[in-house]
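Everything below concerns the one structure shown next.
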Amino acid sequence: MIKIAPSIFAGDFSILGQQVAELEKAGVDYVHVDIMDGHFVKLLSFGSKVIRDIKKCTSLILDVHLMIEKPERCIEEFLESGADIITIHFESTLQHKWLLNEIRGAGVKTGIALNPTTPLNVLDYLYDDIDMVSIMTSNPGLNGQSFLPGMLNKINDLQMKIIELKRPIDIEVDGSINEENIKEVIRVGANVIVIGRAFFTAMDKPGMVYNLKRMK
Ligand code: ZN
């Protein structure tokens, strides 16, 4: 079954609690939380306090995406924030194994995100340590980016690799996903869909989620 993970960054922060309640009512699976440091990526979002506050008002799975340089400097605060999944960027650190072990050791699921130009083979020695791979389908942490159709092959290659390895690894797609390209990413193997503006601007959110989750 497809999992839908709206990114709370695309919501209205002046009514954050209401927005989270709306996600629950719509039947989504995860709250995707984009942490951007204004350094690893251009945009700056918020820190771990917002995750702790969201945790207080929802039972949804918190899918935390760290777009921060050297996450090893501050991983503890995110491990203590109530995150259920923590995804680090391959390009943001040289301490992949250590970080993934720390995350798993804290009982949190692990993810690795790959920027559009990062090849899949960087994961070759990491498959044992990850529960999810997040394929960035647009350039991360910048405004006004569009979906990169070249990522469809990458998603498909990753799916083949995971089947070959017989591992229960989720394939997340993140970046400029909308109702037009969602069918394509699911067709080539994605099963966790991060959706931003397209979710928050939808008139019938429960209907949208219902249809997306049953898409083949
Ligand atoms: Zn994200």
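Quick check on L66: is it closer than 24 Å to N115 by Cα and open to solvent by 30 Å² or more (accessible area, probe 1.4 Å)? Against the criterion (closer than 24 Å to N115 by Cα and open to solvent by 30 Å² or more (accessible area, probe 1.4 Å)), L66 does not qualify.
Restricting attention to the range 1-44, the residues being within 15 Å of the ligand (Cβ to nearest atom) and of a type in the set (S, T, N, Q) number 1. Considering the range 38-61 alone, what residues qualify as being out of contact with any Ser or Thr (no Cβ under 6 Å at 6 or more places or on another chain), more than 20 Å from I135 (Cβ to Cβ), open to solvent by less than 40 Å² (accessible area, probe 1.4 Å) and of a type in the set (A, V, I, L, M)? Correct list: V50, I54, L60.
Selection of first residues in the range 97-113 that are closer than 9 Å to I130 by Cα and of second residues that are among the aliphatic types (A, V, I, L, M) and part of a helix (DSSP H, G or I), restricted to Cβ pairs under 7 Å at least 6 apart or on distinct chains, gives the following pairs, ordered by first then second residue: T110/L100; T110/I103; I112/L123. Considering every residue within the range 127-141, establish whether at least one is open to solvent by less than 70 Å² (accessible area, probe 1.4 Å), away from the ligand (no atom under 16 Å from the Cβ), in contact with a Lys or Arg (Cβ under 9 Å, 6 or more places away or on another chain) and farther than 23 Å from E91 by Cβ. Checked the range 127-141: no residue is open to solvent by less than 70 Å² (accessible area, probe 1.4 Å), away from the ligand (no atom under 16 Å from the Cβ), in contact with a Lys or Arg (Cβ under 9 Å, 6 or more places away or on another chain) and farther than 23 Å from E91 by Cβ. Summed over the range 69-102, residues that are in a helix (DSSP H, G or I) and either within 16 Å of the ligand (Cβ to nearest atom) or at pLDDT below 95 (or both) total 5.
The values are calculated or read from the model by the stated rules, or taken from the named source; none is laboratory data. On a predicted model such as this, the values are computed, not experimentally measured, just so you know. We place every Cβ from the backbone using ideal geometry, glycine too, and count neighbours over all the protein chains shown. When the accessible area is computed, the model is the full protein with side chains, heavy atoms only, and any ligands, DNA or RNA have been set aside. Shrake-Rupley method; radii C 1.70, N 1.55, O 1.52, S 1.80 Å.
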